[in-house]
Amino acid sequence: MSSSEASADLLPAETEAALERAVDSHNRHEQLFSVRAANIKQSAVRDVFDISIRPGLVSLAGGSPYLKSLPLEDLGRTAQTIIAEHGLEALQYGGGQGMEQLRELVCEVMAAEGIEGADPDDIVITTGSQSAQDVAAKVFCNPGDVILCEDPTYVGALNTFEAYEVDVVAVPMDDDGLIPDELERTITALEAQGRAIKVLYTIPSFNNPSGITMAADRRQRVVDICRAHNILVLEDNPYGMLRFDGEPLRPMRADNPHDVIYLGSFSKIFAPGVRLGWALVPKHLYRRFYLACEAVVLCPSPLTQMLVTAYLTEYDWRGHLHTMRSLYRERCDAMLGALAEELPEGVHWTTPDGGFFVWVTLPEGIDTYPLLYKAIDAGVVFIPGAAFTPSDEPSNKLRLAFSAVAPEDIVEGVRRLAPILRAAIEE
Ligand code: PMP
């Protein structure tokens, strides 16, 4: 029996007709998708995010910031004042570059990270760092061009770059971050094949997913190599201010204003729901970058720009950051302690100095993807390592996030995970 005969038995005639029309439209419209659209994948992190909100599950998957220590009631009053007193501006379209006062404040934030004297006119306020990554790929890359990244790297950037039919090539890291010699070797090999390498995308501080930080002495070397090969550095630094101890490490942009596009974000130092970040773009690249931003969003939200402006001027944002750094350090310590206590021999992990993530490596040959299903049954979730490399090949790594989970739940989550890893090793 054909499926239409089966449905004719089961469905009223008008429902069947509607179904046929839907199938027909699907079949015709499927051909309309661009080649680019086929490259747009659902992020593994999003998949797991949907599961991880189930009650009782310990989610070590999503890298969400902890928001409960924000002064929510006061911020509520501030939001109310913004609408009541500046509503016509807050709810109207604004300039594509972003508000001048906020761009000036962004310069202060960056000065606290080591980027002194940036010009507010070189900044474009973006819809988070995510949209700036998209604009960078759009502005610099043709199909088939190469973007270099760290191995592993941020899954959201991979998805964005691949949507532009770019070849993303991952360069190995060690405990001190991207390895300059490997970068040089990869570039030389690609150039020998006649490939156009446009951009190095790097998360030098507390890389997502590995938690690894690029050593200070490597940073300049990496920029120098890129400069020598006419490759732009796209420095994504959403976690830089979340170093547990000491001052933030000097960003690559600080000493290289002409060769680095610097991406910042309010998502981790304030709140991701405002959907605001920024790009500090070398003057000679600024106009096209900014025009591309404007073409996508017209303007960043004036309402949330005003909220962030108020947060940076009326609140003790530095004090809040200080609190968050201690809180994340406590959670990271809870995770590292539990891993040392619970995980079997043969498993290794990184020891981050900041950020949200620990990267766990199992013995060679174990694929962590199937282990996720076992982990869900045991009441804990993580992100399998394959998500964070362009190859999508099976990976013996996994990412654990400690940012949004209370220390006792982190310990419980690791306890639930340990027997699954042990069984995988003993199998
Ligand atoms: N870059 C990295 C390295 C990230 O980890 C994230 C979010 N997890 C983003 C960019 C996206 O940030 P935003 O919310 O600013 O778009």
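General remarks:
- In summary, G117 fulfils each of the numbered conditions (1) touching a Lys or Arg at 6+ places or on another chain (Cβ under 9 Å); (2) closer than 28 Å to R325 by Cα; (3) not in a helix (DSSP H, G or I) with the single exception of condition (1).
- Any pair with Cβ under 7 angstrom, 6 or more apart, that starts in the stretch 391-411 at a residue that is in contact (Cβ under 8 Å) with a residue 40 or more places away in the chain and among the aromatic types (F, W, Y) and ends at one that is crowded, with 23+ Cβ neighbours inside 10 Å and in a loop (DSSP other than H, G, I, E, B): F402/F356
- Options C293, C299: the member that is surrounded by 16 or more Cβ atoms within 10 Å (Cβ to Cβ) and more than 16 Å from the ligand (Cβ to nearest atom): C299
- The stretch 125-155: number of residues that are more than 11 Å from the ligand (Cβ to nearest atom), under 18 Å from A279 (Cβ atoms) and charged (D, E, K, R): 1
- Residue match in the stretch 184-193 (condition: within 19 Å of M214 (Cα to Cα), more than 12 Å from the ligand (Cβ to nearest atom), in contact with a helix residue (DSSP H, G or I) (Cβ under 8 Å, 6 or more places away or on another chain) and part of a strand (DSSP E or B)): no
- From G246, G211, residue being among the small types (G, A, S) and either crowded, with 21+ Cβ neighbours inside 10 Å or within 13 Å of the ligand (Cβ to nearest atom) (or both): G211
- Residue match in the stretch 260-280 (condition: touching a residue at least 40 places away in the same chain (Cβ under 8 Å), buried (at least 17 other Cβ atoms within 10 Å of the Cβ) and more than 15 Å from the ligand (Cβ to nearest atom)): no
- Within the set P394, P352, P390, the sole residue that is at pLDDT below 95 and in contact with a Cys (Cβ under 9 Å, 6 or more places away or on another chain) turns out to be P390.
- Qualifying residue in the stretch 75-96 (condition: surrounded by 21 or more Cβ atoms within 10 Å (Cβ to Cβ), at pLDDT 95 or above and not in a helix (DSSP H, G or I)): no
The values are calculated or read from the model by the stated rules, or taken from the named source; none is laboratory data. Only a predicted model underlies this, so the values are computations on that prediction, with no experimental measurement involved. Counting neighbours? That spans all protein chains shown, and the Cβs are built from the backbone with ideal geometry, glycine included.
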